[in-house]
Amino acid sequence: MHTILPLISTIFIALSGILVAIGWYQIIKGRRELHQKFMVAGAIFALIFFLIYVSRTIFIGNTAFSDTAPVAIRDAYYVFLICHIIFATTSGVFGIVTLLLAYKEKFAKHKKMGRYTAIMWLITSPSGVMVYILLYVMYPGGATKPAIDAILGS
Ligand code: HEM
């Protein structure tokens, strides 16, 4: 049971990346309306990912990396995970600003910032899929501990 939510949220993160890539392609082709639709869909999918991730972290917990894997691989996994989290958080913030710039019709700024946002999200999305594969597919997941337990001290 505790691997079904990560699988669902990983599917959302993967689809979100695909939508953003298609959205970028649309604006390069000059199709503004399609660009807007794909980017908004990409942002909604990213938001769904985030909501699943946060509620799982609070109520079910984060899963530690397998304790049967070699230490070097575990260390590499955590470095990779931290990079992924930094990219995900930064592109989330950039995504909000990029959307605001679009709706304020500040398109020159939107275009500049949008490129950084899209590039970062196109790194975040596949690296999120990679985190899932490392954590659940290549090695059996380690212990899962709910954040709420830590908060309530139970
Ligand atoms: C987070 C969501 C979005 C991202 C990541 C994004 C990304 C981008 C990027 C990368 C470009 C420049 C493409 C290039 O020349 O290489 C761009 C341009 C543009 N975007 Fe977005 N976009 C987003 C949402 C939107 C929305 C919601 C709208 C409409 C309300 C919009 C309207 C436009 C327009 C009109 C341009 C052309 C600007 C110009 O050429 O002067 N975008 N966007």
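Where a number appears in this text, it was derived from the coordinates with a stated rule and is not lab data. This structure is a prediction, so every number in the text was calculated from the model and none was measured. Here Cβ is always computed from backbone atoms with ideal geometry, including for glycine, and neighbour counts include all displayed protein chains.
Which ordering of S16, S66, S55 is given by a fewest-first count of other beta-carbon atoms within 10 Å?
S55, S66, S16
If you model the range 1-92 as an ellipsoid using its alpha carbon gyration tensor, with each semi-axis the square root of five times an eigenvalue, the axes come out at 31, 16, 10 Å, biggest first.
Given only helices, namely DSSP H runs of n ≥ 4 each adding -39500 (n - 2.57), what is the per-residue ellipticity at 222 nm of the chain, to the nearest 500 deg cm²/dmol? Before the final figure, lay out the partial values.
On the way: 5 runs with 118 residues, N = 154.
The helix-only estimate for the chain comes to -27000 deg cm²/dmol at 222 nm.
For the chain, pairs of C-alpha atoms spaced more than 22 angstrom apart make up 46 percent of the total.
For the residues P126, P70, P140, a GNM of the chain with alpha-carbon springs under 10 Å puts the largest fluctuation on P70.
Using a cutoff of 8 angstrom between alpha carbon atoms and counting only pairs six or more residues apart, the relative contact order for the range 66-154 works out to 40 percent.
For the range 60-98 versus the range 10-43, the spacing of their alpha-carbon centroids is 24 Å. Working note: Cα atoms of the range 27-72, range along each principal axis, descending, whole Å: 51, 29, 8. Applying the criteria of a DSSP loop state and at most 11 other Cβ atoms within 10 Å to the trypsin sites (Lys or Arg not before Pro) of the range 79-139 yields K104.
What trypsin sites (Lys or Arg not before Pro) in the range 7-56 are in a loop by DSSP, with at most 15 other Cβ atoms within 10 Å of the Cβ? Numbers along the way, then the final one.
Details: sites: K29, R31, R32, K37, R56; in loops: K29, R31.
Answer by residue number: K29, R31.
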